[in-house]
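Notes to accompany the following structure.
The values are calculated or read from the model by the stated rules, or taken from the named source; none is laboratory data. Quick caveat, the model's predicted, so the values are computed rather than measured. Cβ sites come from the backbone with ideal geometry, for glycine too, and all protein chains shown count toward neighbours.
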């Protein structure tokens, strides 16, 4: 990856629908050269997929929270992971070092739905020993 690839990635990150022609004008390459670079970035998994960033507030997801989860034993990991992968409100799940095993980032309409998620989904998973939840008051920066 060189400086031009980095610039192409920056442009696509800002606008995933930007055409190769528009990118080419900004990085001073032909359309075929830009297309080939994008293809190589996809093949090497630098670009995993093209997607849409939704306006959370506009689709009714007004609350963001981080939930730390501690499991009792390693044999409970598979069941926990299966549940999390099927839970739409979980945006991110990270396996952590420290006193908690997992950190979840969730987006929900409000505190009632957060309470339901914690009480009726997460704490019902076999092996969940404890949770700690932090509610986001505001976000200055959210990106990949």
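Which residues, counting only those in region 115-133, are in contact with a strand residue (DSSP E or B) (Cβ under 7 Å, 6 or more places away or on another chain) and free of Cβ contacts under 8 Å to residues at least 60 places away in the same chain? Steps first, please.
Applying the first criterion (in contact with a strand residue (DSSP E or B) (Cβ under 7 Å, 6 or more places away or on another chain)) to region 115-133 yields 117-118, 122-123, 127-133.
Listed by number, the residues that qualify are 117, 118, 122, 123, 127, 128, 129.
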Task: Sole residue being over 30 Å from residue 13 (Cα atoms), surrounded by 16 or more Cβ atoms within 10 Å (Cβ to Cβ) and in contact with a helix residue (DSSP H, G or I) (Cβ under 9 Å, 6 or more places away or on another chain), chosen from 125, 106, 90 - done: 125
TODO: Write out, first by first residue and then by second, each pair whose Cβ atoms fall under 7 Å of each other, whose residues are 6+ apart or on separate chains, and whose first residue, in region 62-73, is without any contact (Cβ under 8 Å) to a residue 60 or more places away in the chain while the second is assigned to a loop (DSSP other than H, G, I, E, B) and crowded, with 17+ Cβ neighbours inside 10 Å.
DONE: 71/101; 71/127; 72/127; 73/127
Task: Selection from region 84-111 of residues that are under 17 Å from the mean Cα position of the chain (by Cα) and in contact (Cβ under 8 Å) with a residue 40 or more places away in the chain - done: 105, 106, 107, 108
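Go through region 1-106 and tell me which helices (runs of 4 or more DSSP H), entirely inside it, have 1 or more residues that are under 23 Å from residue 139 (Cβ atoms). Can you show your working first?
On the way: elements: 3-14, 20-27, 31-43, 77-85.
The qualifying helices (runs of 4 or more DSSP H) are 3-14, 77-85.
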Open item on the list: I'd like to check something: does region 108-125 contain any residue that is assigned to a strand (DSSP E or B), farther than 24 Å from residue 16 by Cα and outside the structural domain of residue 15 (by TED's automatic domain parsing)?
Closed with: yes
